[in-house]
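S.K.: Take this structure first; my questions come after.
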Amino acid sequence: MDSESTPVHADITLVVNGREHRLSVDTRASLLDVLREDLGLTGSKKGCDHGQCGACTILIGGRRANGCLALAVAHDGADIVTVEGLARDGRLSPVQEAFIEQDAFQCGYCTPGQLCSATGMLDEAGQGWPSTVTGDLGSEPVLDDDEIRERMSGNLCRCGAYVGIVAALREASRRKEAAEA
Amino acid sequence: MTERLESREKVTGTARYAFEYPVENVAYVAAVQASVGRGEITAVGTEAAMALPGVLAVLSCENAPRLSDPPDGELAVFQSRTVSYRGQFVAAVVGETLETAREAARLVHVEYAPEAPDVRLRTDHPSLYQPGKVNPVFPADTEQGEPEEVFNNSAVRVDVTYTTPAEHNNPMEPHATIALWDEHGYLTLYDSTQGASTVQSMVAQTFGLDPSHVRVVAPHVGGGFGSKGIPKPNVVLAAMAAGAAGRPVKFAVPRQQMYATTGYRTPTIQRLRLGADNDGRLNAILHDVVEQTSTVKEFAEQTATPTRVMYQAPHRRTSHRLVPLDVPTPSWMRAPGETPGMYALESVMDELAIATGIDPIELRIRNDTDREPESGLPFSSRNLVACLQEGAARFGWAGRDPATGVRWEGRKLIGTGVAASTYPAYMSPNRAIARAEPDGTFTVRIAAADIGTGARTALALIAAETLKADLGDVRVELGDSAFPRASVAGGSSGTAGWGTAVVRACEALRAKLNGAVAGGRGGSSHAGNGAIPPEGLEAAADTGAELKAREKYARHAFGAQFAEVEVDADTGEVRVRRMLGVFAAGRIINPATARSQFIGGMTMGVGMALLEESVMDEEFGDFLNRDLAQYHVPACADVRDIDAAWVEESDPHLNPMGSKGIGEIGIVGAAAAVGNAVHHATGIRVRHLPITPATLLPDL
Ligand code: FES
Ligand code: FES
């Protein structure tokens, strides 16, 4: 037997949706699998396990990341938000609400990733981060439809809900701006 | 406009999909795929895998239990030493954890006596044969009049061959199963399926169980688009592995393994001949199709069947030929038959429009028909022309200059295209029960599936309407084979078939409720409807007899799709700027979800037109591009302005709701509309999908 085949475990701490978890994880385990299989947080989805679909998108330290590409053992102490943590006290976030209003999903399997990705994306844009379609890198990017589409293209939806997703994020970003103004 | 009833669960992550049920003591399965394209398994080395701590079992043809009577060859998992295609499941490991199972699968050593696989589809293949029928029950060949002769004598002739590649469904949720055997030998499957009842009966047959001893649970399904219409080998493998390990197991097919094991759309080679008068009236249509199947199981896609429905022409021939190859087994993918067939037919109609100098919309109107051309049956309703005209008005078709390759915006060439859509209004027998609860609410149960279609919501609307109740007082429970038997979520037949059973059950319940009032039975009073006993009141329906008694009509939905594209003259990149679909699909039950269905289908059509192609490895077999980085489905930035609308259509010959199916028609014709627009933009006629920079650049 290859010696590298023997499981090695490591103790880590994860803060998920504000709750601290002390865990012993297989050093080969992805954050996605630890969330889903060890913590029972199955909201984050596995579509490809290879960083190609975005279904597993979560927020790590406030930034969107593919949970399937993150080794759990490398995230000791990380502060993580999953789809289960987007609503506060039973109140849906503006992005979640807009998704429902615009019917921005069908089967719902890509949806948790879309929602986490969108939440992170709105923050990035709010902080003035450009994307590859941002024309003038010197000025604050305006989150028009082209910007939304570009910034959301890491999250595949085979049901083809993109039209609704873009409409939802147009609306969510408008509300966010109104709330901040 | 009614929002999906499960919306909140879906946006908060609490909607559970197959792999996500908490099951105690669960173990994990990882599968091994054949690394040769054809041959015999000579040995399976399991020592290294078994020696790994946490490995519970290794299964292969050397130790797998004998199955009773697998209904198709794909379900005969590990029953023989023969490798029928590269990527076929040949072994599996059960481990305590995902990581262990996966590592152990890597250590299983399968030896083969390999042979050279035969995997290339061609029209001169010596094994070409005529299938007994094409999916689901259509004749392989049909002929009327003297098509060849009339074609040859026609004033205008178009004789061209279109080819379409293999394409993969790629639902975002992989095929996944949790399998549990209890101490009485009863099997429970949490399965990602389009048909709980279908999985129940086919798995029962496979394992020699009474169907009542198999329960299949699937309230939420992450898409399927046909690939989850019948059980694929992963379901049998999971149940077998759970038996071998003596524990419940979970198995989700890794994305890369889905390409060989869970079905795909066959590639097609389609020769089309249209013979017409100078005024565009069709005299003869010939549509001859060659496609592939595997050696494990015959699947014959009904590619030429829309040609039997679409246009008038006194002389007509359609034919299907199959080649059995050493390839994975093709199966249903969104509108099998109509999708590739209408891509070819509607592209050739565009060629005929150009050959005759007639506007493509006018050409289609001239060849419209009020009877189904082959059967001679009247259409229950056919509003193709209304869709074309409504779409033309909305899209701004009037005054379109037919000249190709002349509209420049900077370095981009612009063009527009149109194509028709059609899809049969299928309907299957179903059962349902409706219950009046003592608290004044209603429950409807049916083993239907909501794979993202909005079925749960549509059925609740249908039930509420029949019961004259508030939507909020109606609960629909589906996705469980313990409920009354339902047909598969396929063939766009769900709402029609399930909905009819729900209507009949609700009507029967109303009759009972009225009877309860008249009879003065005790219990709590119910919204003026009568008295409900403490255990509730229940009524059941079975629509089998009703379906058999239906009048003879040709029942189909129709539509028209419009696309505007820009083609970069330097890179050959095609972008769909806007797309509009107008459909005539009977009564639309829920506009919100219907629109999403149409647009979703059209979006997949954009993928078909420009991105999707599964490339066969001609040397070793199986597909070369086996993940989402190499098989491109449309991403958000690929989809700009796609809109869908529908014309009012009232059709009394369908079902109590007056509805036709809407899940598939959105993809039908979409790729032709885009291809026709590319031709209008560039003057280049591409007769192979997808249309890529590589195909366009040499001619730009
Ligand atoms: S599952 Fe992580 S990107 Fe697909
Ligand atoms: S909603 Fe089904 S994949 Fe996006």
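S.K.: Hey, what do the phi angles of region B:176-183 turn into as Karplus ³J(HN,Hα) couplings, whole Hz, using 6.51/-1.76/1.60 and θ = phi - 60°, x for Gly and Pro?
M.R.: Values per residue, Gly and Pro as x: 8, 8, 10, 10, 9, 9, 9, 5 Hz.
S.K.: When only Cα pairs under 8 Å and 6 or more residues apart are kept, what is the percent relative contact order across region A:94-180?
M.R.: 47 percent
S.K.: Cross-link partners among lysines for B:K512, C-alpha distance below 19 Å, same-chain residues fewer than 8 apart left out?
M.R.: Output for B:K512: B:K468.
S.K.: Now for a separate question. Which residues' amide hydrogens lie under 5 Å from the amide hydrogen of B:V474, considering only partners 5 or more residues apart or on another chain, with H built in the peptide plane?
M.R.: Sorted by chain and number, the residues that satisfy this are B:F442.
S.K.: Still on this structure, I have one more. Averaged over B:21-30, how many beta carbons belonging to a partner chain fall within 10 Å of each residue's beta carbon?
M.R.: Mean partner shielding for this stretch: 1.
S.K.: Measuring from label point to label point, each 7 Å out along Cα→Cβ, what is the A:E177 to B:N152 span in nm?
M.R.: 6.8 nm
S.K.: If a/c stays under 1.5 just call it rounded; otherwise compare a/b with b/c (prolate if a/b is bigger, oblate if not). Do that for chain B, with a ≥ b ≥ c from the square roots of the Cα gyration tensor eigenvalues. Numbers along the way, then the final one.
M.R.: Details: a/c = 1.83, a/b = 1.14, b/c = 1.61.
Judged from the Cα gyration tensor, chain B comes out oblate (a/c at least 1.5, b/c at or above a/b).
S.K.: Report the Cα centroid-to-centroid distance between region A:11-81 and region B:461-514 in angstrom, as an integer.
M.R.: Centre-to-centre distance over Cα atoms comes out at 40 Å.
S.K.: Shielding by partners for B:94-102, please: the mean number of other protein chain Cβ atoms within 10 Å of each residue's Cβ.
M.R.: For this peptide, the per-residue mean of nearby foreign Cβ atoms is 4.
S.K.: Sticking with this structure for a sec: Tell me which residues come under 5 Å, amide H to amide H, from A:H21 once H is placed; ignore anything under 5 positions away on its chain.
M.R.: Amide H to amide H, under 5 Å and 5 or more residues apart or across chains, A:H21 pairs with A:L14, A:V15, A:V16.
S.K.: Based on the Cβ-Cβ distance from B:T123 to B:E62, what FRET efficiency comes out when R0 is 30 Å, to the nearest 0.05?
M.R.: The value I calculate is 0.15.
S.K.: So for the pair A:A74, B:H184, with labels modelled 7 Å out along Cα→Cβ, what separation do we get in nm?
M.R.: Between A:A74 and B:H184, the label points sit 5.0 nm apart.
S.K.: So what is the 222 nm mean residue ellipticity for the protein assembly as shown from helices alone, if each DSSP H run of at least 4 adds -39500 (n - 2.57) and you divide by all residues, rounding to the nearest 500 deg cm²/dmol?
M.R.: -8000 deg cm²/dmol
S.K.: With just the Cα atoms defining each centre, how far is region B:570-634 from region B:363-430? Give it in Å.
M.R.: 19 Å
S.K.: May I pose another question? In the neighborhood of B:A681, defined by Cβ-to-Cβ distances under 15 Å, what is the net charge if each Lys or Arg adds +1 and each Asp or Glu adds -1? Present the calculation step by step, with values, prior to reporting the outcome.
M.R.: Working: positive: B:R400, B:R407, B:R411, B:K412, B:R575, B:R577, B:R578, B:R685; negative: B:D350, B:D401, B:E409, B:E564, B:E566, B:D568, B:D570, B:E573, B:D699.
Result for the local shell: -1.
S.K.: Take each of the peptides A:70-76, B:661-667, average the number of other beta-carbon atoms within 10 Å over its residues, and list them starting from the highest. Kindly include the intermediate steps, with their values, before the conclusion.
M.R.: Working: A:70-76: 17.7, B:661-667: 30.6.
Taking the mean over residues of other Cβ atoms within 10 Å, the ranking is B:661-667, A:70-76.
S.K.: Also: Which residues' amide hydrogens lie under 5 Å from the amide hydrogen of B:V90, considering only partners 5 or more residues apart or on another chain, with H built in the peptide plane?
M.R.: So B:V90 has HN proximity to B:V32, B:Q33, B:A34.
S.K.: Ok, one more. Taking beta carbons within 10 Å but only from partner chains, what does the mean come to for residues B:625-636?
M.R.: 5
S.K.: May I ask for the distance between the Cα centers of region B:180-224 and region A:100-137, given as a whole number of Å?
M.R.: The two parts, judged by their Cα centres, are 37 Å apart.
S.K.: With a ≥ b ≥ c taken as the square roots of the eigenvalues of the C-alpha gyration tensor of region B:117-256, please select rounded if a/c is under 1.5 and otherwise prolate if a/b is larger than b/c or oblate if it is not? Mind dumping the intermediate values first?
M.R.: Numbers: a/c = 2.91, a/b = 2.52, b/c = 1.15.
Prolate is the answer for region B:117-256, as a/c is 1.5 or above and a/b outweighs b/c.
S.K.: Can you work out the Karplus-derived ³J(HN,Hα) for every residue in region B:384-395? Use 6.51 cos²θ - 1.76 cosθ + 1.60 with θ = phi - 60°, whole Hz, and x for glycine or proline.
M.R.: Couplings: 4, 5, 4, 5, 4, 6, 4, x, 4, 5, 5, 7 Hz.
S.K.: Take every Cα pair under 8 Å in chain B that's 6+ residues apart, average their separations, divide by the length, and report that relative contact order as a whole percent.
M.R.: Details: 1878 pairs, mean separation 112.3, N = 700.
Relative contact order, chain B: 16 percent.
S.K.: Turning to a different aspect of this structure: Looking at the square roots a ≥ b ≥ c of the eigenvalues of the Cα gyration tensor of region B:168-323, which shape do they give, rounded for a/c under 1.5, prolate if a/b is larger than b/c, or oblate?
M.R.: prolate
S.K.: Sticking with this one: Looking at this model, which pairs from A:K45/B:K250; A:K46/A:K176; B:K548/B:K660; A:K46/B:K232; B:K552/B:K660; B:K232/B:K552 are more than 27 angstrom apart at the alpha-carbon?
M.R.: Where the Cα-Cα span goes over 27 Å, the pairs concerned are A:K46/A:K176; B:K232/B:K552.
Every number in this text was worked out from the coordinates using simple rules, so none of it is lab data. Computed from a prediction, not measured in an experiment: that's the story for all the values here. Methodologically, a virtual Cβ is constructed for each residue, glycine included, from the backbone with ideal geometry; neighbour enumeration extends over all protein chains shown.
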